[in-house]
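The values are calculated or read from the model by the stated rules, or taken from the named source; none is laboratory data. In this text, all values refer to a predicted model and were calculated from it rather than measured experimentally. Cβ coordinates were reconstructed from backbone atoms using ideal geometry, including for glycine residues, and neighbour counts include every protein chain displayed. Surface areas here come from the heavy atoms of the whole protein model, side chains and all, with no ligands, DNA or RNA. Shrake-Rupley method; radii C 1.70, N 1.55, O 1.52, S 1.80 Å.
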Amino acid sequence: MNLPFGFQKDLVVGLDIGSHAVKVCQLKKLSNGYAIVTLGSTVLPEGAVDDGTLNDPEAVGKAIADLFGNLKIKNKKVGFSISGYSVIVKKVNLAVMDDAQLEEHIMAEAEQYIPFDIEDVYLDFQDLKTNAKGTERTDVMLVAAKKEVVDDYIEMLRSINLNPVIVDVDGFALENCFEYNYGKNENVALVDIGAAKMNINIISQGISVVARDIVVGSRQLTEQIQNTCDIEFEEAEAIKLGLMPVEEKLREIEGIYSATCTQWVLEIKKAIDLYHANHPDQPLKRLILSGGGAKVNGFSDFLARETDIEVELFNPFQKISTNTKKIDPDYLRNIAPEMTIVTGIALRTSVI
């Protein structure tokens, strides 16, 4: 597994394979930054991907191949990200060592940090170089991903003649997109709410200090509205996003919003409280919201009130150029919060 902590050579095409949809983003390097070549998404069959596990590789492969064909993408080098139960991200505090010593130590001692059989996982790590002058210890970010899950994705992508050269982690891709567009010098909480999971990554002074995946997502809200109102999924989705007025069963729907969004807020507040307990002198400046759940009608205002922290929608294209003759600005504005992870992957480079 090549977790992409550096920038070296060729850009890859970013792939975000979620439980609801696949998103694709291709960028090109300019002299002063990046520009969008193309981007898009397609809905996956129900159950094709669940909690990061590829249940129906044939269906997912066909969806990706069709999307690449429709978008006329020729570059075969791709990067994808993983999340869910099969990935462990852990920060450990170790004695300062050179790279060779650190690698030897991690490989020898990884079992004490990782709750998987070490033979069953790919390992990667990065020295965060947090040791101050005169100190002999540093924080190291350790990542383990189940080989079976990663290999299934690689095999599926190769079966459709794509060349996977980077395996990312959702939280790191989110962080990468944030750093490019917003910089590294503020304390922020990045919260991405997908269809079936929430990713929280709290960054302090350019370093990820709290990172977790939680199995809650915006699909649960849509399904509850659908069942309560006995309507089609698409209608329930429109109600969720505030695109369709609600007259009947308004009180029941308000109750669904309250219960579900309160659950989301409680999970976010747990992470924020953990951060504040360990960094009492570095308060969070703002909370940046992304994913399909970020567009749930009224949720950002509710989150701001409950946390007393400024909340804004993530714009992954804030510093990325676009040709408005090729890509409709309204479409780009609407899809932007859902494209943060895939844009973070698309900003990665491959050494292969």
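Laid out as a table, the results:
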{"quantity": "Sole exception among (1) at pLDDT 95 or above; (2) open to solvent by less than 10 Å² (accessible area, probe 1.4 Å); (3) part of a helix (DSSP H, G or I); (4) not basic (Lys, Arg) for residue 304, by number", "calculated": "(2)"}
{"quantity": "So residue 174, is it touching a Pro at 6+ places or on another chain (Cβ under 7 Å), closer than 28 Å to residue 338 by Cα and in contact (Cβ under 8 Å) with a residue 24 or more places away in the chain", "calculated": "no"}
{"quantity": "Cβ-Cβ under 7 Å pairs, at least 6 apart or on other chains, the range 218-235 side of a type in the set (Lys, Arg), far side open to solvent by 40 Å² or more (accessible area, probe 1.4 Å)", "calculated": "219/20"}
{"quantity": "Any hit, the range 106-116, residues being among the acidic types (Asp, Glu), open to solvent by less than 20 Å² (accessible area, probe 1.4 Å) and in contact with a helix residue (DSSP H, G or I) (Cβ under 6 Å, 6 or more places away or on another chain)", "calculated": "no"}
{"quantity": "Test: residue 312 is assigned to a strand (DSSP E or B) and either surrounded by fewer than 21 Cβ atoms within 10 Å (Cβ to Cβ) or in contact with a strand residue (DSSP E or B) (Cβ under 7 Å, 6 or more places away or on another chain) (or both)", "calculated": "yes"}
{"quantity": "Enumeration of residues in the range 42-74 that are polar (S, T, N, Q), out of contact with any helix residue (DSSP H, G or I) (no Cβ under 7 Å at 6 or more places or on another chain) and closer than 25 Å to residue 337 by Cβ", "calculated": "70"}
{"quantity": "Counted residues, the range 262-295 - those being touching a Pro at 6+ places or on another chain (Cβ under 9 Å) and of a type in the set (Ser, Thr, Tyr)", "calculated": "1"}
{"quantity": "Failed item in (1) in contact (Cβ under 8 Å) with a residue 12 or more places away in the chain; (2) surrounded by 15 or more Cβ atoms within 10 Å (Cβ to Cβ), with residue 56 passing the rest", "calculated": "(1)"}
{"quantity": "Residues of the range 286-326 classified as of a type in the set (Lys, Arg) and farther than 25 Å from residue 342 by Cα, total", "calculated": "1"}
